[in-house]
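The values are calculated or read from the model by the stated rules, or taken from the named source; none is laboratory data. Keep in mind it's a predicted model, so treat the numbers as computed, not measured. Every residue, glycine among them, receives a Cβ derived from its backbone with ideal geometry; neighbour counts consider all protein chains shown.
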Amino acid sequence: MEIRFLGHAGFWIDGGDYKLIIDPFISGNPQAEDEYLELKPDWILLTHGHGDHLGDALTMAKESGATIIAPFELASYCENKGCKVHPMHIGGAHVFPFGRVKMTPALHGSAVMEGDQIIYTGNPCGYLLQIEGRSIYHAGDTGLFSDMRLIVPEGGLDLAILPIGDNFVMGPDDAARAVDFLAPRRVIPMHYDTFPLIFQDPDHFKKQVEGKTEVFVLKPGETLRI
């Protein structure tokens with residue numbers, strides 16, 4: 001399985017027979033390449049409705065025929081825009097053709113901005129993916145919370161993808177504490193350096209968790225195979 005970092009919180013997961021994309025914020029993302037708009041996923045996972053996460057999901061779903069997986073309110077918004085959806089909610093799980101998805105809590109907000117209108121899109125979330133015998137946790141936009149310990153599946157986490165940007169999400173120090181809670185075999189930091197307000201040094205985070213996990217600081221476009 002190949003995991004490609006698209007910048008910010010966006011990830012492309014290629015398992016050969018299936019292709020997933022998480023939070024496809026490409027247009028307007030200074031970290032993302034325009035060529036990512038040509039990606040054709042089978043499934044699109046959205047953590048919440050903010051523009052830097054919903055991103056290009058609607059257009060991508062319509063062009064590729066992908067199904068959007070999202071919290072109920074956000075899925076309903078996408079369905080009303082003409083997309084195929086599979087709604088879920090926090091604590092729920094479902095087995096898809098590519099594997100099992102469990103929706104996990106995230107401490108954040110969720111809304112779509114249309115002009116001066118704020119459209120509520122339910123609770124934000126993270127995802128625990130169990131695919132081909134591997135467990136991947138994408139935390140979404142979140143602050144630190146102690147119940148992260150409860151997210152860890154039997155057999156442990158092969159990969160945790162954690163925000164470190166601060167201001168809107170965890171910073172490096174809290175992300176390091178999240179590593180203590182999750183005890184993943186590998187970690188990828190995300191949601192930093194996209195805009196000045198969330199500039200961070202990922203090496204500071206990496207140094208804090210040395211000896212506890214293997215950290216992969218990916219540049220946009222780089223991949224990790226697990």
Output the residue which, of all residues in region 94-119 that are in a strand (DSSP E or B) and of a type in the set (D, E, K, R), is farthest from Arg225 (Cα to Cα).
Glu114
The residue that is surrounded by the most Cβ atoms within 10 Å (Cβ to Cβ), considering only those in region 1-38 that are without any contact (Cβ under 8 Å) to a residue 60 or more places away in the chain and under 15 Å from Ile131 (Cα atoms), is Ile21
Members of region 85-143 found to be farther than 28 Å from Asp166 by Cβ, of a type in the set (A, V, I, L, M) and surrounded by fewer than 17 Cβ atoms within 10 Å (Cβ to Cβ), listed by number:
Ala93, Val95
Set Pro184, Pro189: member being at pLDDT 95 or above, closer than 17 Å to Pro220 by Cβ, touching a Leu at 6+ places or on another chain (Cβ under 7 Å) and buried (at least 19 other Cβ atoms within 10 Å of the Cβ):
Pro189
Taking into account only those residues within region 126-169 that are polar (S, T, N, Q) and either in contact with a Ser or Thr (Cβ under 6 Å, 6 or more places away or on another chain) or not in a loop (DSSP other than H, G, I, E, B) (or both), which is farthest from Ala93 (Cα to Cα)?
Ser146
Could you check how many residues of region 181-210 are in a loop (DSSP other than H, G, I, E, B) and among the β-branched types (Val, Ile, Thr)?
2
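Yes/no per residue for (1) more than 26 Å from Gln130 (Cα to Cα); (2) free of Cβ contacts under 8 Å to residues at least 40 places away in the same chain:
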position	(1), (2)
Leu162	no, yes
Asp173	yes, yes
Arg177	no, yes
Asp180	no, yes
Arg186	no, no
Pro189	no, yes
Asp201	yes, yes
Val209	no, yes
Lys212	no, yes
Set Gly91, Gly82: member being more than 17 Å from the chain's Cα centre (by Cα) and outside any strand (DSSP E or B):
Gly82
For Gly122, the lone unmet condition from (1) outside any loop (DSSP other than H, G, I, E, B); (2) of a type outside the set (S, T, N, Q); (3) within 20 Å of Trp43 (Cβ to Cβ) is (1)
If Leu46 meets every condition in (1) surrounded by fewer than 24 Cβ atoms within 10 Å (Cβ to Cβ); (2) in contact (Cβ under 8 Å) with a residue 24 or more places away in the chain; (3) closer than 26 Å to Ser135 by Cα apart from one, which number is that one?
(1)
Residue in region 73-84 that is surrounded by the most Cβ atoms within 10 Å (Cβ to Cβ), counting only those that are under 17 Å from His50 (Cβ atoms) and touching a residue at least 12 places away in the same chain (Cβ under 8 Å):
Leu74
